[in-house]
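Inspection log for the structure reproduced underneath, given as structure tokens.
The values are calculated or read from the model by the stated rules, or taken from the named source; none is laboratory data. Computed from a prediction, not measured in an experiment: that's the story for all the values here. With ideal geometry, Cβ positions are generated from the backbone for all residues, glycine too; neighbour counts draw on all protein chains shown. With ligands, DNA and RNA removed, areas are computed over all heavy atoms of the protein, side chains included. Shrake-Rupley method; radii C 1.70, N 1.55, O 1.52, S 1.80 Å.
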Amino acid sequence: MQTQQQFQILVANDSHLSFAQIICDEMATSAQARGTGIAKRSPEYIQQKMLEGKAVIAFNQDGIWAGFCYIETWSHGGYVANSGLIVAPAFRKGGLARAIKKKIFELSRQQYPESKVFGLTTGLPVMKINSELGYEPVTYSELTQDEDFWAGCKSCVNYDILMSKERKNCLCTAMLYDPKDHYEPQETKDFFEKKSKVLERLLRIKQGLLRAFNKKEKEPASAKAKSFLNYFF
């Protein structure tokens, strides 16, 4: 297990273009292994983010690629998303994901100080990292309504679920950092730690009900299940 002190996390540039394909491949492999969705990106798209200075890349002490994340902007810069977080399998569970998220968050705040920073995730570990940065769980209505953003979800395996809920919910949990109205990171971190077990159970219930609600080859969910789903999600 590697620790984050053994990694160098840099703002990506043109010297890193050759890593775009391996980054895209690892994103796809990781999503398939988790059985969750991810908006697919091409190597050319990743390279463009590098050229724009809107990505961070990590290497271990031997210069081996270890992780990546990039910035997207929506609603004319009013919203910023830190997308495509990926850590190479050999370097997971050592704090690198947290360090990359912190670096890309700082870069986002530097480049877009007035923008709301948001993210969508299916994983509790990423929710925990986000909470340590000051993100709060929100409804989908508080995210960008930019059609281009939602169009990016079309390549996700859960896109049918998103559309069946009229873009009001999906398996992902929405989290937001509003620079003009937010709790301090320690407050959101403490809240998450206190409620983590409850959030984990709710996340499992939500994902189970949404899958059942959308699975066409099975019998429709019961009226009670639909009522629960529509009320809470």
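For this structure, a couple of remarks:
- Condition check for Ser18: open to solvent by less than 50 Å² (accessible area, probe 1.4 Å) and either at pLDDT 90 or above or within 22 Å of Glu132 (Cα to Cα) (or both): no
- Any hit, segment 176-183, residues being open to solvent by less than 100 Å² (accessible area, probe 1.4 Å), modelled with pLDDT of 70 or more and among the charged types (D, E, K, R): yes
- Qualifying residue in segment 72-83 (condition: under 12 Å from His16 (Cα atoms) and either of a type in the set (A, V, I, L, M) or under 18 Å from the mean Cα position of the chain (by Cα) (or both)): no
- A residue that is part of a strand (DSSP E or B) and touching a residue at least 40 places away in the same chain (Cβ under 8 Å) occurs nowhere in segment 93-114.
- Options Asp62, Asp148, Asp160; residue that is more than 18 Å from Phe7 (Cα to Cα), without any contact (Cβ under 8 Å) to a residue 60 or more places away in the chain and either part of a loop (DSSP other than H, G, I, E, B) or not hydrophobic (A, V, I, L, M, F, W, C) (or both): Asp160
Quick grid of which residues meet (1) open to solvent by less than 10 Å² (accessible area, probe 1.4 Å); (2) on the phi > 0 side of the Ramachandran plot:
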{"position": "Ser75", "(1), (2)": "no, yes"}
{"position": "Ile100", "(1), (2)": "yes, no"}
{"position": "Gln111", "(1), (2)": "no, no"}
{"position": "Phe118", "(1), (2)": "yes, no"}
{"position": "Thr122", "(1), (2)": "no, no"}
{"position": "Ser141", "(1), (2)": "no, no"}
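- For Lys195, the requirement of being charged (D, E, K, R), modelled with pLDDT of 80 or more and surrounded by fewer than 18 Cβ atoms within 10 Å (Cβ to Cβ) is not met.
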